[in-house]
Amino acid sequence: MFRLRLLAAIASLFLAAGAPAQEATQQKAQALMAAMLQRELEGDTLQQRIAVLYGGRLDADKSQVVEDVLRRTYANPHLAEYLGRLTLALYRQGASNERMRATVPEAMQLLKVRGIARLPAEDQASFLRYMLRMAGQLPAETCAAMFLGKLPEKAVDQLESDFAVGVDLQSFKEIMDVYGRATLAELDGDPPMRSVSLLQASQARDALVRALAARLRETMSPQAVQRIARDIKSAPEGDVCTYMRNVAQAVLDLPEPERGWQLVAFTEAMRGQR
């Protein structure tokens, strides 16, 4: 239900765009969100938020990493503007400050995921490696459901939080750095997203097919591959998970420039899903 309210708030931005009254109201919503963000930066409020996000399970070093990223993000002048637009409908309805504040974590997730499409190819590859590590630790049914898009977004976010608690500090720092830069890139609209030509996209797909075929020969039986080819949605969950992990790994196996081209397609598809 919250997701529907959030989408409704976004959609409402386009219903009366440009009306002076709406512009004034949007400025008020933006000012309110700016004040909320400023309060978040005071005292130990951010650490309290981090404890909620990770269930109080992050150690002090990791908590500090997250706090540093959040402070850089909250200081970005475009964040309050973005949140003001996002929560305009709620503000006009007279929603409580707490209800307005509740939109922030999901908005940050959206910025992060969409912003990855703006990062250099190596950052996108780092993100893909991280998600592959996470998938490798999930039960087959959960892994398959995640790859097939059957899990709610909040469930996927929770899986990632659970995984982050257990990874080593260096890996955690690296992925949080990627997430932080992705969020800022989306807020600033810079760098622009890379694009590929139709010919480049075709060459990248052909290269991926070859890389995937080589991996499948080593990791799956012909019968399992045939079950996937017939209907991936009804194939055994273990086969689905193995196959999808192979697809992701095959992207990383590609030489340049094909790997970079395929990462563009991957991150654009992920961006479109959020």
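The values are calculated or read from the model by the stated rules, or taken from the named source; none is laboratory data. Remember, it's a predicted structure, so these values are computed and weren't measured experimentally. Here the Cβ is made from the backbone with ideal geometry for all residues, glycine too, and neighbour counts use every protein chain on show. For accessibility, only protein heavy atoms count, side chains too; no ligands or nucleic acids. Shrake-Rupley method; radii C 1.70, N 1.55, O 1.52, S 1.80 Å.
Taken over the chain, the convex hull of the Cα atoms encloses 149 Å³ per residue.
Suppose every Lys and Arg Cβ carries +1 and every Asp and Glu Cβ carries -1, with no other charges. What dipole size does the chain come out with about its Cα centre, to the nearest 20 debye?
Charge dipole, the chain, about its Cα centre: 740 debye, nearest 20.
Positive-end ranking of GLN27, GLN109, VAL165 along the dipole of the chain, with charges on Cβ about the Cα centre, is headed by GLN27.
For the chain, the longest principal axis of the alpha carbon atoms and the long axis of helix 2-12 meet at an angle near 70°. Here ASP239 sits with roughly 30 square angstrom of accessible surface, probe radius 1.4 Å. Debye sum, Cα scatterers, region 133-182, no solvent: what log₁₀ I/I(0) at q = 0.27 1/Å? Ignoring solvent entirely, the Cα scatterers give -1.06.
Pairs of Lys residues in the chain are counted when their Cα atoms are under 23 angstrom apart and they lie 8 or more places apart or on different chains; the count is 9. Site pair ARG99 and GLN223 shows an inter-label distance of 5.7 nm when each label is modelled 7 Å from Cα along Cα→Cβ.
For the chain, which whole-number percentage of the solvent-accessible area (1.4 Å probe, protein heavy atoms only) is attributable to carbon and sulfur atoms? Intermediate values should be presented prior to the final figure.
Details: 7750 of 14090 Å².
The nonpolar share, carbon plus sulfur, comes to 55 percent.
Please report the relative contact order for the chain, taking Cα pairs under 8 Å with a sequence separation of at least 6, and give it as a percent rounded to a whole number. Worked out over the chain, it gives 25 percent. Between the helical axis of 153-166 and the longest alpha-carbon principal axis of the chain there is an angle of about 80 degrees. Taking label points 7 Å from Cα along the Cα-to-Cβ direction, SER197 and GLN158 give a separation of 4.8 nm.
Sequence gap at least 6, Cα distance under 8 Å: using those rules, report the relative contact order of region 127-274 to the nearest whole percent.
Numbers: 83 pairs, mean separation 50.8, N = 148.
Worked out over region 127-274, it gives 34 percent.
Relative contact order, percent, of region 59-200 when contacts are C-alpha pairs under 8 Å separated by at least 6 residues?
Working: 85 pairs, mean separation 65.6, N = 142.
Once normalised by length, the contact order is 46 percent.
Computed per residue of the chain from DSSP H runs no shorter than four, each worth -39500 (n - 2.57), the mean residue ellipticity at 222 nm is -24500 deg cm²/dmol. For the chain, the longest principal axis of the Cα atoms and the long axis of helix 77-86 meet at an angle of about 90 degrees.
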